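**Student:** What follows is a structure written as structure tokens; I'll ask about it next.
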Amino acid sequence: MDFREQSMRSVAERVNQGETTAVAVVTDALDAIEQLNPSLNAFCAVDPEHALQAAAEVDARRSRGDHLPLAGVPFGVKDLEDAAGYVTSFGSAFHVDDAPAASDSELVRRLRQAGAVVVGKTNTPEFGYKGKTDNVPFGATKNPWQQSRSPGGSSGGSAAALAAGMIPLATGSDGGGSIRIPAALCGLSGIKTSQGRIPNGGPKPPGSGLLTVKGPMTVRIRDAAFALDQCLGDEPTDIFSLPAPAQPWTPQIDGQLPKAVIWSPTMGITTCDDEILGHCEQVIEKLRAKGVQVIERDPIWSENPFGAWLVFWTSARARAQGHLRGTPEWEKIDAALRPQIEMGLDRFSGADYARAIDRCHTLNLELETAFHEAPILLTPATRGHAPTLEGDGFVNGEQTPDWVGYTMGINMTRNPAGTVPIGLSADGLPISMQVIGRQRDDLGVLKMLAGMEDLIGFDVWASDF
């Protein structure tokens with residue numbers, strides 16, 4: 001089965017209506033993984049025996065009359081979070097031989113409770129440290145659209161598995177764009193919800209402190225909304241968690257476009273590849289043709305948020321791995337990650353961290369000022385095209401490490417934001433736009449993403465595998 005050919009929700013409906021079984025659906029996913037994963041390397045661990053046992057338990061629960069909105073939906077878990085029975089390796093040589101997790105993350109627990117079935121762990125860069133997916137123990141994940149290119153990161157394994165049709169659902173996390181970037185590069189619609197919508201509760205503190213949001217990833221946004229409806233709600237062990245909305249989001253997503261949006265080609269902090277910008281401007285004209293008022297506003301921010309974001313990120317890395325510097329274990333860390341750890345150890349002070357928190361406030365203030373004109377802000381998803389497996393992304397034909405640009409500041413402000421595919425580049429890679437909403441207006445972002453999906457009709461898929 002190619003899971004791109006039907007919605008995730010329809011998979012669960014067929015199981016719930018008795019047209020198929022969870023065991024049959026999970027078997028299809030395992031067959032697809034066996035066929036496609038050797039070339040794409042999206043999964044770093046698969047456990048067919050336990051997946052089929054879990055599927056049989058779902059069938060038994062359904063026969064007893066349990067309410068299972070995600071009955072039999074197979075899903076992959078990003079290898080930065082726990083799924084009971086699987087090692088959480090973090091893409092790191094330090095953890096590949098750890099004992100399997102004894103319990104699920106809160107997100108995985110809620111998905112399983114709704115009837116979804118874990119089939120394996122998806123690949124990620126070491127500790128999720130970069131916007132492409134490769135690591136020492138498992139190697140590089142390839143983009144299904146073009147296997148010489150990366151699917152992005154750090155949820156690249158999840159995105160590649162979805163884009164190849166191996167599974168209809170996966171988990172991701174986003175501390176600087178790590179759901180939005182791989183979704184954009186793989187032709188998926190993805191959302192980073194407001195922090196607290198999906199709790200990070202449990203005994204382990206969030207890996208990147210204030211920045212990280214977990215969430216479900218799917219091919220299209222209505223499926224993501226349906227999965228979110230099964231996972232939202234308060235968790236007392238997460239100090240940032242938010243209560244569930246009064247009504248489920250899915251029935252409220254009608255695809256209707258807002259009366260007005262803001263379009264910011266650069267946000268005042270970067271430049272954009274000409275081809276990507278051209279595709280975005282075509283979408284802007286389509287929105288205008290549909291009667292949407294488009295307010296062009298550049299700049300949005302008076303200062304690039306990257307410097308303050310880097311304080312948060314490198315401090316978290318120093319806290320987690322800094323004790324290894326000066327030991328024989330230091331050389332096991334990815335060579336490109338070590339300087340980030342050292343930066344957190346040596347360069348930034350407590351006062352720098354406090355100033356970075358202040359910057360979160362001022363960035364949000366500037367965003368909120370813009371939102372006085374319209375409730376949705378549109379930008380390119382990335383300033384460049386997908387990186388090669390060995391190198392960086394491309395901006396106007398030149399490789400550069402600065403190929404992302406638009407996503408990191410939104411983790412600091414905690415606004416909901418998503419990406420939606422809008423077309424293909426000349427060399428056949430997806431191009432996407434970012435949709436940013438006001439504080440806690442996740443539903444508004446979901447509605448806009450769905451409306452843009454309906455308007456654009458992006459339905460072309462890779463075929464080289």
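Here, each number is a calculation from the coordinates, and none is a lab measurement. For clarity, every value in this text was computed on a predicted model and none was experimentally measured. Methodologically, a virtual Cβ is constructed for each residue, glycine included, from the backbone with ideal geometry; neighbour enumeration extends over all protein chains shown.
**Student:** According to the square roots a ≥ b ≥ c of the eigenvalues of the Cα gyration tensor, what is the shape class of the stretch 310-465, taking rounded for a/c under 1.5, prolate for a/b larger than b/c otherwise, and oblate for the remainder?
**Tutor:** oblate
**Student:** Please report the antiparallel percentage of DSSP beta bridges with both residues in the chain, rounded to the nearest 5.
**Tutor:** Roughly 70 percent of the DSSP beta bridges within the chain come out antiparallel.
**Student:** How much length is gained on full extension from Glu57 to Glu390, taking 0.36 nm per residue of separation minus their Cα-Cα distance? Numbers along the way, then the final one.
**Tutor:** Details: separation 333, 0.36 × 333 = 119.88 nm, distance 4.26 nm.
Result: 115.6 nm gained on full extension.
**Student:** Compute the separation of the alpha-carbon centres of the stretch 271-342 and the stretch 151-222 and state it in Å as a whole number.
**Tutor:** 15 Å
**Student:** Add +1 for every Lys or Arg and -1 for every Asp or Glu among the other residues with Cβ under 14 Å from the Cβ of Ile300, and state the total.
**Tutor:** Details: positive: Arg297, Arg438; negative: Glu296, Asp298, Glu303, Glu366, Glu368, Glu373.
Residues close to Ile300 contribute a combined charge of -4.
**Student:** Taking +1 at the Cβ of each Lys and Arg and -1 at the Cβ of each Asp and Glu, which of Thr271, Ala60, Ala356 sits farthest along the dipole of the chain towards its positive end, judged by Cα position relative to the Cα centre?
**Tutor:** It is Ala356.
**Student:** Taking H placed 1.01 Å from N in the peptide plane, check which residues at least 5 places from Val118 or on another chain put their amide H under 5 Å from its amide H.
**Tutor:** When sequence neighbours closer than 5 places are left aside, the close amide H contacts are Phe75.
**Student:** Among the lysines in the chain, how many pairs, 8 or more places apart or on different chains, have alpha carbons under 19 Å apart?
**Tutor:** Lysine pairs, 8 or more places apart or on different chains, close enough: 27.
**Student:** Just want the ordering: Tyr86, Tyr353, Tyr406, from fewest to most Cβ atoms lying within 10 Å of their own Cβ.
**Tutor:** Tyr353, Tyr86, Tyr406
**Student:** What do you get when you divide the Cα radius of gyration of the stretch 206-316 by 2.2 N^0.38 Å, with N the number of residues?
**Tutor:** Against the compact-globule rule of thumb, the ratio is 1.39.
**Student:** Computed from these coordinates, which is Cα extents along the principal axes in Å: [x] 66, 52, 48; [y] 99, 54, 41; [z] 61, 57, 45?
**Tutor:** The calculated read-out lines up with [z].
**Student:** I've got another one for you. Using θ = phi - 60° and the Karplus curve 6.51 cos²θ - 1.76 cosθ + 1.60, what whole-Hz ³J(HN,Hα) does each residue of the stretch 74-89 get, with Gly and Pro shown as x?
**Tutor:** With the stated coefficients, the stretch 74-89 comes to x, 9, x, 10, 4, 7, 10, 10, 7, 10, 3, x, 10, 5, 9, 8 Hz.
**Student:** Which far-off residues, 5 or more places away or on another chain, put their amide H under 5 Å from the one on Val87, with H placed in the peptide plane?
**Tutor:** Ala101
**Student:** Determine the calculated [θ] at 222 nm for the chain from helices alone, applying -39500 (n - 2.57) to every DSSP H run no shorter than 4 residues and normalising by the residue count; nearest 500 deg cm²/dmol.
**Tutor:** -10500 deg cm²/dmol
**Student:** Sequence gap at least 6, Cα distance under 8 Å: using those rules, report the relative contact order of the chain to the nearest whole percent.
**Tutor:** The value is 16 percent.
**Student:** Right, here's the next one. Give the residue list of trypsin sites (Lys or Arg not before Pro) in the stretch 1-90 that are DSSP loop and have at most 11 other beta-carbon atoms within 10 angstrom.
**Tutor:** Answer by residue number: Arg64.
**Student:** Looking at the square roots a ≥ b ≥ c of the eigenvalues of the Cα gyration tensor of the stretch 391-465, which shape do they give, rounded for a/c under 1.5, prolate if a/b is larger than b/c, or oblate? Intermediate values should be presented prior to the final figure.
**Tutor:** Details: a/c = 2.95, a/b = 1.25, b/c = 2.36.
Oblate, since a/c reaches 1.5 and b/c is not below a/b.
**Student:** Would you mind calculating the relative contact order of the stretch 3-247 from Cα pairs under 8 angstrom and at least 6 residues apart, reporting the percent as a whole number?
**Tutor:** Worked out over the stretch 3-247, it gives 19 percent.
**Student:** Expressed as a rounded percentage, what relative contact order does the stretch 106-211 have, with Cα pairs under 8 Å and six or more residues apart?
**Tutor:** Normalised by residue count, the contact order of the stretch 106-211 is 23 percent.
**Student:** Could you tell me the center-to-center distance, by alpha carbons, between the stretch 4-56 and the stretch 229-257 in angstrom?
**Tutor:** 26 Å
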